[in-house]
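Encoded as structure tokens, the structure appears first; notes follow it.
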Amino acid sequence: MARRNGNPGTARAGKAVRPTGTAAKHAPRKKSTGELKNEVIAFKRRRILEEAAHLFFHNGYEGTTLDSIAQQLQVTKPYLYSYFGNKSEILFEVCQTGIRHSLAALDEALALQVKPDVRLKAAVEKVARIVIDRREYVAVYQREEKNLKPEEARVIKNLRKAFDRRVGTLLAEGIESGEFAVDDISVTATTIGGIISWLPNWYLPNGRLSASEVITYTVKLVERMVATGKPRRPAQRR
């Protein structure tokens, strides 16, 4: 007759131990087959877009074929058709990547529970970082907008307008609190967006200024645009 283990916390052989209490709360949830499949699909679509954006950036939309994208990925053309209907659909996805990521970064900054000037600085920093990191996507949109279908171009323009409106709302808050001095909110918001979105056209990864230096310069430029001209109060000592 087998002896029982004297430790009551030891599981019997052949039975899994279920986490209890705090361990159960922090145990990672097992992903379903459907979730894992969706993650794989998203990853493969993202890789296709990365290579397509790179080729569009260097060779232009007209100078890039599905065959060249497939060759770059070391896959077949039918593989691409498994995730995108045609080259035009790939271009649309590439073109809207920059503004969608920029909007997400802007919303993240606007959600901060801080003063408008601090939120504006955070917004410019975050969005400029996105635009630099996704510079090929942004530049492709600026160069190849003419190759988008009218309805696709409208989608992206509406996203850009939404970006400008949110910046305008932030500027209005700063004016109300006395932190900003702006004559025309709409023009200033559009100009701020334009300054940031133009970064891919002159920033060079191996250039004189690093990405961080470019972002810092851009922040200072925007801050000067909205400054009241009054000296800031020094922080009160506690």
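Here are the numbers for the structure shown:
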read-out	value
Tally, over region 51-65, of residues that are aromatic (Phe, Trp, Tyr) and either in contact with a strand residue (DSSP E or B) (Cβ under 9 Å, 6 or more places away or on another chain) or part of a helix (DSSP H, G or I) (or both)	2
Filter result for the condition that a residue is at pLDDT below 90, of a type in the set (Lys, Arg) and not in a loop (DSSP other than H, G, I, E, B), over 44, 37	37
Selection count where residues are among the β-branched types (Val, Ile, Thr) and surrounded by fewer than 19 Cβ atoms within 10 Å (Cβ to Cβ), scope region 123-155	1
Breaking point among (1) farther than 17 Å from residue 196 by Cβ; (2) in a helix (DSSP H, G or I); (3) not β-branched (Val, Ile, Thr), for residue 126	(1)
Hits in region 108-120 - residues which are farther than 21 Å from residue 221 by Cα and surrounded by 13 or more Cβ atoms within 10 Å (Cβ to Cβ)	108
Selection status of residue 160, touching a Gly at 6+ places or on another chain (Cβ under 6 Å) and either closer than 30 Å to residue 51 by Cβ or touching a residue at least 24 places away in the same chain (Cβ under 8 Å) (or both)	no
Some residue of region 102-116 being more than 30 Å from residue 213 (Cβ to Cβ) and either of a type in the set (A, V, I, L, M, F, W, C) or in contact with a strand residue (DSSP E or B) (Cβ under 6 Å, 6 or more places away or on another chain) (or both)	no
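Conditions (1) over 22 Å from residue 100 (Cα atoms); (2) free of Cβ contacts under 8 Å to residues at least 40 places away in the same chain; (3) under 22 Å from the mean Cα position of the chain (by Cα), marked per residue:
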{"residue": "113", "(1), (2), (3)": "yes, yes, yes"}
{"residue": "119", "(1), (2), (3)": "no, no, yes"}
{"residue": "140", "(1), (2), (3)": "no, no, yes"}
{"residue": "165", "(1), (2), (3)": "no, yes, yes"}
{"residue": "181", "(1), (2), (3)": "yes, no, no"}
{"residue": "223", "(1), (2), (3)": "yes, no, no"}
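The values are calculated or read from the model by the stated rules, or taken from the named source; none is laboratory data. Values in this document were obtained by computation on a predicted structure and should not be read as measured data. When we count neighbours, we look across all protein chains shown, and the Cβ atoms used for this are built from the backbone with ideal geometry, even at glycine.
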